[in-house]
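Take a look at the structure set out below.
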Amino acid sequence: MRETMMLLAGHSRVSDYKVNITKKESYELFFVKGALETVRHTDTWDREVTVYVDHGEYRGASRFFIYPSTTFSQKADLINEAVEKASLIQNQKYDLPSRETGRFTVESNFENLEPAELAASIAKTVFEANTVENASLNAVEIFINKYSQRVINSRGLDKTQIRYDAMVEAIPTYNGQELSVELYEQCNFSNLDIEHLRKEIAGKMAEVKARFQATTPAEIKPCRVILNPLELSQLFWFLSDDLNYATVYGHSNLHTKGDMIQKNPTGDKLTVTMAGSIPGNVQSRCFDDDGMALTNTTIIEDGKVVNYFGANRFGQYLGEKPTGDLKCLKVAPGTVTDFQTGPYLEVVSMSAFQVDLYSDYVGGEVRLAYYHDGETIIPVTGVSFSGSLAQCLNTIRLSAKTVTQDGYTGPAKAILEGMNIY
């Protein structure tokens, strides 16, 4: 990249530049019907160049990629093309982060484990987790990833971070006498917790059996709806996206600082923090794609909007101190310890969980749920629920137990009151 940066620095119309270099080292295992079929090790590189051009009162930006086969003359042509494109873009001016250097590592116990050893341990746990008769894992793929990410810009910034994650993709299958049911499971994590992984896969094996047994009930009595981490995290992501600098700058946000998201709370009050790094959270970073150091920021406190958050550019546009592009969502735990009193509908998976802040709507179609009518628990499918988002937030009750799943760290379950079930 030295050659590319020399060309950038010497170009008369390039006002600033940024280079993002990512190396991904991956160790991969592929199983079919329990048998290991392929072991693969890959190294890939991405080299993205961003060119900034100031023209009059505006700043434009354009990106392109550099490949090992890109020649010197091709690089010069790519820069010239990017300059022409950037000169047509009329964005408000903003400054790049400057004069920061360092090498950082995101906390993970993967760092001390050999990829082959780690992958073998994960595979053993995944297959041992299946104790359901007539259920199997038709396909399992395991990816152990190490990322080396470097950001360099024209303002003297040069930072590198090392981070790790793993992904398990699996196809749990339940075989009946005349019919089989398959599900898809994807687990993402950046800390190895054998017991948590075992429980997650075991839960999916129980789920595929329940999906095979599930029926559409003739009637569901009015009851509480219980959400699990996937849909619960989506609910909070919708709320957090509304408070991102880019959303606020584009005037598409519903809530502003000082607003009460929970106007008349009778359940648990919400406290939501956007963070740079949380142990086990796969979205953990030491800095963002601009090289901006990340500042943990509480955006909702006791049901009230207290801050916005976001990346460098839009933070400057709003006159706010940029927090960096925070990708870890942290929600404070609630007070509920017992979710098993009925009646209730516990959602296991949905076709699509829908939240619309402007229409005051929350709901969606349920693929699988456990319905407790007050006496028995049965797996059900083909039902839907919906209700007022404002009412949902006012009455929501959160579990005291927390989990970390993908980019979410927070309550493992939540109770929604007053939902229409049909």
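Values in this text are rule-based calculations from the coordinates and carry no lab data. The shown structure was predicted, so the numbers you read here are calculated from the model rather than taken from an experiment. Positions of Cβ are generated from backbone atoms using ideal geometry, with glycine treated the same way; all protein chains shown enter the neighbour counts.
Amide H to amide H, with H built 1.01 Å from N, residue 189 comes under 5 Å of 166, counting only residues 5 or more places away or on other chains. Summing charges over all other residues whose Cβ lies under 11 Å from the Cβ of residue 52, with Lys and Arg as +1 and Asp and Glu as -1, gives +4. The residues 396, 377, 66, when put in order of fewest to most other Cβ atoms within 10 Å, stand as 377, 66, 396.
For the stretch 78-134, applying the loop criterion from DSSP together with a ceiling of 16 other beta carbons within 10 Å to the trypsin sites (Lys or Arg not before Pro) yields 93, 99.
Quick one: check the C-alpha center-to-center distance for the stretch 343-394 versus the stretch 395-422, whole angstrom. Comparing the Cα centres of the stretch 343-394 and the stretch 395-422, I get a distance of 12 Å. In this Cβ point-charge picture (+1 for Lys and Arg, -1 for Asp and Glu), the stretch 2-211 has a dipole of about 740 debye about its Cα centre.
The relative contact order of the chain comes to 14 percent, based on Cα pairs under 8 Å that sit 6 or more residues apart. Summing Lys and Arg as +1 and Asp and Glu as -1 over all other residues whose Cβ lies under 14 Å from the Cβ of residue 182 gives a net charge of +2. Measure out, as a whole number of angstrom, how far apart the alpha-carbon centroids of the stretch 199-267 and the stretch 57-75 sit. Cα centres, the stretch 199-267 to the stretch 57-75: 41 Å. Converting phi to 3J(HN,Hα) with the Karplus coefficients 6.51, -1.76 and 1.60 and the offset θ = phi - 60°, the stretch 134-145 yields 6, 10, 8, 9, 5, 9, 9, 10, 10, 10, 10, 10 Hz in sequence order, with x at every glycine or proline.
To the nearest 20 Debye, how big is the dipole of the stretch 22-99 about its Cα centre, given +1 on the beta carbon of each Lys and Arg and -1 on that of each Asp and Glu?
Dipole of the stretch 22-99, to the nearest 20 debye: 140 debye.
Where the centroid of each part is defined by its Cα atoms, how far is the stretch 1-46 from the stretch 284-304 in Å? Here the two parts' Cα centres lie 26 Å apart. Please give every one of the lysines within straight-line cross-link reach of residue 159, meaning a C-alpha to C-alpha distance under 25 Å, and leave out same-chain neighbours fewer than 8 residues apart. Of all the lysines, those that pass the test against residue 159 - Cα under 25 Å, at least 8 places apart if same chain - are 18, 23, 24, 75, 93, 146, 321, 327.
For the chain, adding -39500 (n - 2.57) for each run of n ≥ 4 DSSP H residues and dividing by the number of residues yields -6500 deg cm²/dmol at 222 nm. Between residue 310 and 245, 323, 324, 326, the built amide H atoms are under 5 Å apart, and every one of these is 5 or more places off in sequence or on another chain. Remark: the stretch 411-418, residue by residue, has Karplus-estimated 3J(HN,Hα) of x, 6, 9, 8, 9, 9, 9, x Hz, where x stands for each Gly or Pro and the curve is 6.51 cos²θ - 1.76 cosθ + 1.60 at θ = phi - 60°. A value for percent of Cα pairs over 34 Å apart was derived from the coordinates, and within the list (i) 43; (ii) 28; (iii) 36 it appears as (i).
Report the local net charge at residue 324: Lys and Arg +1, Asp and Glu -1, summed over other residues whose C-beta lies under 14 Å from its C-beta. That works out to -1. Residue-wise HN-Hα couplings along the stretch 163-174, as the Karplus relation 6.51 cos²θ - 1.76 cosθ + 1.60 with θ = phi - 60° gives them from phi, are 9, 10, 7, 9, 9, 10, 10, 9, 10, x, 9, 10 Hz; Gly and Pro carry x.
When you filter the GluC sites (Glu not before Pro) in the stretch 18-116 for DSSP loop state and at most 12 other Cβ atoms inside 10 Å of their Cβ, you are left with 57.
Where in the stretch 107-184 are there chymotrypsin sites (Phe, Trp or Tyr not before Pro) that are in a DSSP coil and have at most 14 other Cβ atoms within 10 angstrom of their Cβ?
Details: sites: 110, 127, 143, 147, 164, 174, 184; in loops: 184.
Within the stretch 107-184, the qualifying chymotrypsin sites (Phe, Trp or Tyr not before Pro) (loop, at most 14 other Cβ atoms within 10 Å) are 184.
Ordered by the number of other Cβ atoms lying within 10 Å of each residue's own Cβ, fewest first, 167, 205 fall into the sequence 167, 205. Tell me whether the stretch 2-211 comes out rounded, prolate or oblate; compute the Cα gyration tensor, take square roots of the eigenvalues as a ≥ b ≥ c, and use a/c under 1.5 as the rounded threshold. Here the stretch 2-211 falls in the prolate category. Close amide H pairs (under 5 Å, H built 1.01 Å from N) link residue 304 with 261, residues at least 5 positions away or on another chain. Relative to the Cα centre, the charge distribution of the chain, modelled as +1 at Lys and Arg Cβ and -1 at Asp and Glu Cβ, gives a dipole magnitude of about 940 debye. Listing 5, 350, 292 from fewest to most neighbouring C-beta atoms within 10 Å gives 5, 350, 292.
Taking a cut-off of 25 Å, what percent of all Cα-Cα pairs in the stretch 189-289 are separated by more than that? Intermediate values should be presented prior to the final figure.
Working: 2408 of 5050 pairs.
Here the long-distance tail beyond 25 Å is 48 percent of all Cα pairs in the stretch 189-289.
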